[in-house]
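The values are calculated or read from the model by the stated rules, or taken from the named source; none is laboratory data. Predicted model only: the values in this text are computed from it and were never measured. Cβ coordinates were reconstructed from backbone atoms using ideal geometry, including for glycine residues, and neighbour counts include every protein chain displayed. Calculation scope for accessible area: heavy atoms of the full protein, side chains included, ligands and nucleic acids excluded. Shrake-Rupley method; radii C 1.70, N 1.55, O 1.52, S 1.80 Å.
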Amino acid sequence: MKKLNFDYLTAYSANQYAFMPMPYMLIENPVFSELGAGEKILYTLMLNRVSLSRNNLEQYTDKEGRLYIIYTVAQVEKSMCCSHPTAVKYLKNLTEIGLIERVRQGMGKPTITYVKDFASVAIEHGANNMRSVGCAEGKMPEANKKEQKLKNLTSGSKEFELQEVKKFNPSKIEYSHTDYSNPSLNEDNFMLGKRKNICLSEEELMGLREDYGNRLEGLLDECSDRIFARGSGPGLDPIKNYYRYIQTIAKTLGYVTDAQIAAEQAEKRAAAEAAEATEKAQAQAELDAWYAEKMQEYGVDTKEEIDRITEAYSKKLIEKWRKGDF
């Protein structure tokens, strides 16, 4: 390899480059030991693409609320500076281990790629290791129990939806006996958001889940970024109630609750049904007016007689047409 003459970094030049952080878990966790450096770098690039998809949820979210990206083989070749077979191999290995899922759309459309959460299986693998080295059979460590409860509460799947969630009324949360001056002191609360800086109780999380459904994860990440950017310091009041803070940000960003969406859809259906009923009534009124006019013209009293006269007249016209007598 030919040695190139690179410049030394200075305080200015070191600050001008963009960097892409690779999750350390991809390097140290044995779950990913069979992946090469190329696959791990490509997966990190895909994670960055997913963060961009979050800015355009309508275009890059499927019907189940799952984010996806468009990352063709040609794009992989370009971004990884590799050959076509190597790009295909990287995608194949990431698919086989389950970190990504590629779905063909057909009709000349590009294949979409679902990027899976690397941490979910890695955490589960760690839990399995703990069980194998001494945890009692059938018992789960408290940390893992809390992790599983958090997954159940934030999952968009109906099979995890608790009965209490369906009947939850977030406006009735009782705050009078809770100290929110430092909510992180409550060890039963969940630390949420992409930066783990949002502290919510199980009841509050259930309420938000009921309100925002599959959109909750994106809302929590948005609030997490805002809290991080907000910072803390002298003269800046701490956030004493994260639940109310999230509700405020949701309104600011234009998030609507599932109940509001359902009400809007019901209103649209009612308006469409009313318009259809009006159109049918108008058509029936015009038909009745035509029958009334014809009954007066032919001197008959029923619609059936008008139908017979009209049918006989139509037959005569058809017969004339067949004979060419026009």
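Some observations on this one:
- Checklist (1) in contact with a helix residue (DSSP H, G or I) (Cβ under 6 Å, 6 or more places away or on another chain); (2) more than 22 Å from Ser53 (Cβ to Cβ); (3) modelled with pLDDT under 55; (4) not basic (Lys, Arg) applied to Gly156, failing item: (2)
- Any hit, segment 44-55, residues being modelled with pLDDT under 85, surrounded by 14 or more Cβ atoms within 10 Å (Cβ to Cβ) and β-branched (Val, Ile, Thr): yes
- Test: Tyr114 is over 29 Å from Tyr255 (Cβ atoms), modelled with pLDDT of 90 or more and of a type outside the set (A, V, I, L, M, F, W, C): no
- Of all residue pairs spaced 6 or more apart or on separate chains, those with beta-carbon atoms under 8 Å, a first member in segment 309-325 that is more than 20 Å from Met295 (Cα to Cα) and a second member that is outside any helix (DSSP H, G or I) are Lys320/Phe326.
- The one condition from (1) out of contact with any helix residue (DSSP H, G or I) (no Cβ under 7 Å at 6 or more places or on another chain); (2) surrounded by 10 or more Cβ atoms within 10 Å (Cβ to Cβ) that Ile309 does not meet is (1).
- Within segment 50-107, helices (runs of 4 or more DSSP H) holding 3 or more residues that are over 30 Å from Tyr212 (Cβ atoms): 73-80, 84-97
- Against the numbered list (1) outside any helix (DSSP H, G or I); (2) modelled with pLDDT under 85; (3) open to solvent by less than 80 Å² (accessible area, probe 1.4 Å); (4) not charged (D, E, K, R), Cys199 comes up short only at (2).
- Scanning segment 63-87 for residues being of a type in the set (D, E, K, R) and in contact (Cβ under 8 Å) with a residue 12 or more places away in the chain gives a total of 2.
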